[in-house]
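Following: one structure in structure tokens, then a few remarks.
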Amino acid sequence: MMIRLVQPGHVASSEWWFLNENNDILGTVRLRYELNEANYEEGGHIGYDISPKYRKKGYGKSILKLILEKARTLGFKKVLITCNFDNIGSKNIIEHNGGKLENIIISKESGKEVLRYWIEI
């Protein structure tokens, strides 16, 4: 049994670290099991980071594909993923994995444009 303390304003989530055969960190992924108001606008169900050394090598696409499969096994039918408008790498990763752009919003935190995608799984 797992017991987790979730602070006010946060939602329950899991995090995975992806390593290569040399135990180098390729990236991390967070899967949020529900969306609060803030994550519905910006953040979504899935957040990921790819280590700078391993960007533009296909790892981001593979890592997102794996976490989408995990989300499906957990009962998700679709997930929301967001990225900054100027983050071309993340935009490509999301679209490669079937992301459909819902809209573009202005971030309340940064004032930058944020792309909001849904992926059916």
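Below is a table of values for the structure above.
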| read-out | value |
| --- | --- |
| Test for LYS77: is it surrounded by fewer than 12 Cβ atoms within 10 Å (Cβ to Cβ) and in contact (Cβ under 8 Å) with a residue 24 or more places away in the chain | yes |
| Output for the stretch 38-50, where each listed residue is surrounded by 14 or more Cβ atoms within 10 Å (Cβ to Cβ), over 10 Å from the mean Cα position of the chain (by Cα) and of a type outside the set (Asp, Glu) | ASN39, TYR40, ILE50 |
| In the stretch 110-121, residue surrounded by the fewest Cβ atoms within 10 Å (Cβ to Cβ) [restricted to those that are closer than 21 Å to ARG72 by Cβ and β-branched (Val, Ile, Thr)] | ILE121 |
| Pairs with Cβ under 7 Å, 6+ apart, first in the stretch 28-45 and on the phi > 0 side of the Ramachandran plot and touching a residue at least 24 places away in the same chain (Cβ under 8 Å), second crowded, with 19+ Cβ neighbours inside 10 Å and not hydrophobic (A, V, I, L, M, F, W, C) | GLY43/THR82; GLY44/THR82 |
| Qualifying residue in the stretch 87-109 (condition: surrounded by 13 or more Cβ atoms within 10 Å (Cβ to Cβ), without any contact (Cβ under 8 Å) to a residue 40 or more places away in the chain, β-branched (Val, Ile, Thr) and under 19 Å from HIS10 (Cβ atoms)) | no |
| Selected residue [among the aliphatic types (A, V, I, L, M), within 14 Å of ARG116 (Cβ to Cβ), surrounded by 15 or more Cβ atoms within 10 Å (Cβ to Cβ) and touching a strand residue (DSSP E or B) at 6+ places or on another chain (Cβ under 8 Å)] from LEU68, LEU26, LEU35 | LEU35 |
| Failed item in (1) within 15 Å of the chain's Cα centre (by Cα); (2) loosely packed, with under 12 Cβ neighbours inside 10 Å, with ASN20 passing the rest | (1) |
| The listed residue being over 18 Å from ILE50 (Cβ atoms), at pLDDT below 95 and acidic (Asp, Glu), out of GLU120, GLU109 | GLU109 |
| Subset tally (residues that are modelled with pLDDT under 95 and of a type in the set (Ser, Thr, Tyr)) for the stretch 15-40 | 1 |
| Looking only at the stretch 1-14, and only at residues there that are more than 14 Å from the chain's Cα centre (by Cα) and small (Gly, Ala, Ser), the one that is modelled with the highest pLDDT | ALA12 |
| All strands (runs of 3 or more DSSP E) inside the stretch 17-121 with 1 or more residues being basic (Lys, Arg) | 25-32, 78-84, 100-106, 113-120 |
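The values are calculated or read from the model by the stated rules, or taken from the named source; none is laboratory data. Everything numeric here is computed off the predicted structure, so don't read it as measured data. Every residue, glycine among them, receives a Cβ derived from its backbone with ideal geometry; neighbour counts consider all protein chains shown.
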